[in-house]
1. Give me the net charge of E108's neighbourhood, meaning all other residues with Cβ under 12 Å from the Cβ of E108; Lys, Arg count +1, Asp, Glu -1.
2. Whole-Hz Karplus ³J(HN,Hα) for segment 93-110, in order, using 6.51 cos²θ - 1.76 cosθ + 1.60 and θ = phi - 60°, x for Gly and Pro?
3. Nothing charged except the Cβ atoms of Lys and Arg (+1) and of Asp and Glu (-1): what's the magnitude of the dipole of the chain about its Cα centre? Round to the nearest 20 debye.
4. If you look for lysine pairs in segment 3-142 that are eight or more places apart or on different chains, how many of them have Cα atoms under 13 Å apart?
5. Of G23, G87, G11, which is the most mobile in a GNM of the chain whose springs link Cα atoms less than 10 angstrom apart?
6. How large is ³J(HN,Hα) for each residue in segment 134-143, as worked out from phi by the Karplus curve 6.51 cos²θ - 1.76 cosθ + 1.60 (θ = phi - 60°), to whole Hz, x for Gly and Pro?
7. For segment 17-154, what is Rg from Cα atoms divided by 2.2 N^0.38 Å, rounded to two decimals?
8. Work from the charge dipole of the chain (Cβ charges, +1 for Lys and Arg, -1 for Asp and Glu, about the Cα centre) and give the residue of W100, W118, L67 farthest towards its positive end.
Amino acid sequence: MPDADIIHKGGCFCNAVRYQVMGLPLLSAYCHCTLCQRLNAAAFILTIHFPASRFSWTHPEPYNDALESYAVSTKPWKIRWRCKQCGCTVSSYNSKLDKWSVWGAQLERDVEGRIKDWDTIKPTAHVFYETRMVDVQDDLGKWAGYEGKSEKLG
Ligand SMILES: [Zn+2]
Ligand SMILES: [Zn+2]
């Protein structure tokens, strides 16, 4: 599939906030960092990064009417966006790197409940695995930090 034909749609729990991302991701990984754990109340999440030009909001304009933004004090350059109505965080924008991140669990599903075009977006690694809450037995590499830029743990 040509890169420009790959489009994934996603959004919040109540659907008031919607977005789409185009093309292949820069990074797709299961993240076990403590920020992701706390933000999602989950053991780990699927984080997917795109260049800023590949992300767009798709719910009715003006987009910001449906959105709230916030940043944690330790990462003020990373703005997280959430739905005003249901409170779900759906994406974050990193102004240092000019990249958007979305979460795989919020992407559009097929009739069987699986994420559409999974092969174009599936994760390549487990990152920040040192702070894991659960051991994962799969074929993906396990890294202390980002894939290829930190100690490989398994
Ligand atoms: Zn919502
Ligand atoms: Zn994380």
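Only the coordinates and a few stated rules stand behind these numbers; no lab work does. Just so it is clear, the structure is predicted and the values come from calculations on it, not from any experiment. Backbone-built Cβ (ideal geometry, glycine too); neighbour counts: all protein chains shown.
1. Summing Lys/Arg as +1 and Asp/Glu as -1 gives +3.
2. 10, 9, 6, 5, 9, 6, 10, 9, 10, 10, 10, x, 5, 9, 7, 4, 10, 8
3. Here the chain has a charge dipole of around 520 debye.
4. Count of close lysine pairs: 4.
5. In the Gaussian network model the winner is G87.
6. 8, 7, 10, 9, 8, 7, 7, x, 10, 10
7. 1.06
8. Of W100, W118, L67, it is L67.
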